[in-house]
Amino acid sequence: MTAALADETAAPVLSPMLQRLAAERATGALMRDRGTLYLADGKVVHAESPATPGIDVLLTRGGALRREGWWDAVAEAGAGQRVGRHLVDSGRVPGGALELCHLGALYDAAFFALAPTRTPARFRYGVAHWIGPVRPVPVDAVQRETLRRRELLDRIWPDAAVDTAPLTRTGDPADAPVPPGRRRVLEHVDGVRTATAIAQELGRSAFHVLVDLRRLAAAGLVAPTAPGAPGADRIALPEVTADPDVALLRRLRDALEAL
Amino acid sequence: MPGIDECLLDVMRLPGARGAAVVDWTSGLALGTIGDSPNGDHEATAAETAEVARMAAEQPAFAAGSPDAPGGTGSAPPVEDVIVTTSAGYHILRFVETDFDSSVFLHLWLDRAEGNLALARIRIGEIAERLVLA
């Protein structure tokens, strides 16, 4: 049950700060540009990212748990930061199911949270997530898995724009058989939705959706919307003109000189 | 109230069991492991077996006759298990049906001389069900 290979290969470091926090067995929240990792005793106990549905969406969308059941558990055990344990102890979610779902959500959010960024990370010591302990994961395992996932995506189809851009259909699935799970993803590709939006609507892990989308892109069925195409720029920014208004600049200069 | 570790311990009680893992076949991530792995690296083994499980789960030939073909919300592929026989052992990949979106299977590596494939196949099916049942 222990990962024996931790010491054999030099552990890849995605975040030197995370590495240091693991070494000092820190407890708290590491806030990065695209998500937050929660540590307890230097291990990752939870992760969240706006790029991927939270465990509440995953559990309630598929029918594993009613929405009221989730909020009842949060109300009853949220203050004690033991919501995960409480879901199991109160018989709402089986222990194995919670572990599978929570681990999936943790690695999924960590993948996005550890995405390259120029914004410096912040760490708040002592902060704990209200979901509470479920199945802590070593920092090394999370970093290794995140790197492996990046490579997996690039092996399937090396176009990272698929992960973030609005997507459009480019082919007829009649030409190539698409398995049911991937077909549901394809049905949500409409020229406007991004991978994250599709994951939220389906209540699926965003990384799983990325894998499906890259496979669909490799099959020629999906492509990132070209810039300038309808739906591509949902926030219309004013055009930046190449030639400045010379007359206006002259008038400004004259006015400044006249002061 | 069994969790991942309890189920893996159960799997290892089978005669001839050499190693086992709970794996996500979309990503190739090992969610839990126990015992030995055929190439000495549980994570690499998980990535390899995940590819086999995915191929089986996604082939239209194996989807024929499944009750919930298109439109279903269940995450279970119509395939129940995949069995690979090698000169030294058996590998059973047993899909786990969950009522949230997932792509999880149990991998059992069984010694060919000591293991009982028929027994192991029945037991791992029961354990896969118990993993996600209260």
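The values are calculated or read from the model by the stated rules, or taken from the named source; none is laboratory data. Being a predicted model, the structure only gives us computed values, none of them experimental. Counting neighbours? That spans all protein chains shown, and the Cβs are built from the backbone with ideal geometry, glycine included.
Among the numbered criteria (1) within 28 Å of B:S103 (Cα to Cα); (2) in contact with a His (Cβ under 9 Å, 6 or more places away or on another chain), which single criterion is violated by A:A77? So the condition that A:A77 fails would be (1). Scan the stretch B:13-47 for residues that are more than 10 Å from chain A (Cβ to nearest Cβ) and surrounded by fewer than 17 Cβ atoms within 10 Å (Cβ to Cβ) and the total you get is 3. Return yes or no: is A:T52 away from chain B (no Cβ under 14 Å), of a type outside the set (A, V, I, L, M) and not in a helix (DSSP H, G or I)? No, not satisfied.
Suppose we filter A:V139, A:V134 for residues that are modelled with pLDDT of 95 or more, in contact with a Lys or Arg (Cβ under 9 Å, 6 or more places away or on another chain) and surrounded by 16 or more Cβ atoms within 10 Å (Cβ to Cβ); which single one remains?
Details: A:V134 fails: modelled with pLDDT of 95 or more.
Among A:V139, A:V134, only A:V139 is modelled with pLDDT of 95 or more, in contact with a Lys or Arg (Cβ under 9 Å, 6 or more places away or on another chain) and surrounded by 16 or more Cβ atoms within 10 Å (Cβ to Cβ).
Can you spot a residue in the stretch A:102-117 that is of a type outside the set (S, T, Y), touching a residue at least 12 places away in the same chain (Cβ under 8 Å) and farther than 30 Å from A:Q19 by Cβ? No: zero hits. A single member of A:V93, A:V57, A:V88 is within 11 Å of another protein chain (Cβ to nearest Cβ), within 14 Å of the chain's Cα centre (by Cα) and more than 26 Å from A:E24 (Cα to Cα), and it is A:V57.
Across the stretch A:74-125, the number of residues qualifying as closer than 14 Å to A:A51 by Cα, in contact with a Leu (Cβ under 7 Å, 6 or more places away or on another chain) and not hydroxyl-bearing (S, T, Y) comes to 4.
Could you say which residue among A:V134, A:V178, A:V209 is facing chain B (nearest Cβ under 10 Å), closer than 25 Å to B:A63 by Cβ and not in a helix (DSSP H, G or I)?
Only one candidate passes the filter, namely A:V178.
Residues in the stretch A:65-93 that are in a loop (DSSP other than H, G, I, E, B) and either among the aromatic types (F, W, Y) or surrounded by fewer than 23 Cβ atoms within 10 Å (Cβ to Cβ) (or both): A:R66, A:G78, A:A79, A:G80, A:Q81, A:R82, A:S90, A:G91, A:R92.
On the stretch given as the stretch B:44-74, residues that are at pLDDT below 95 and in contact with a Lys or Arg (Cβ under 9 Å, 6 or more places away or on another chain) total 4. So, A:H102, is that one out of contact with any Cys (no Cβ under 8 Å at 6 or more places or on another chain), in the same structural domain as A:D33 (by TED's automatic domain parsing), under 20 Å from A:D41 (Cβ atoms) and not in a loop (DSSP other than H, G, I, E, B) or not? So A:H102 fits the description; yes. Of all residues in the stretch B:87-123, those satisfying the criterion of being in contact (Cβ under 8 Å) with a residue 40 or more places away in the chain, buried (at least 24 other Cβ atoms within 10 Å of the Cβ) and part of a loop (DSSP other than H, G, I, E, B) are B:S102, B:S103.
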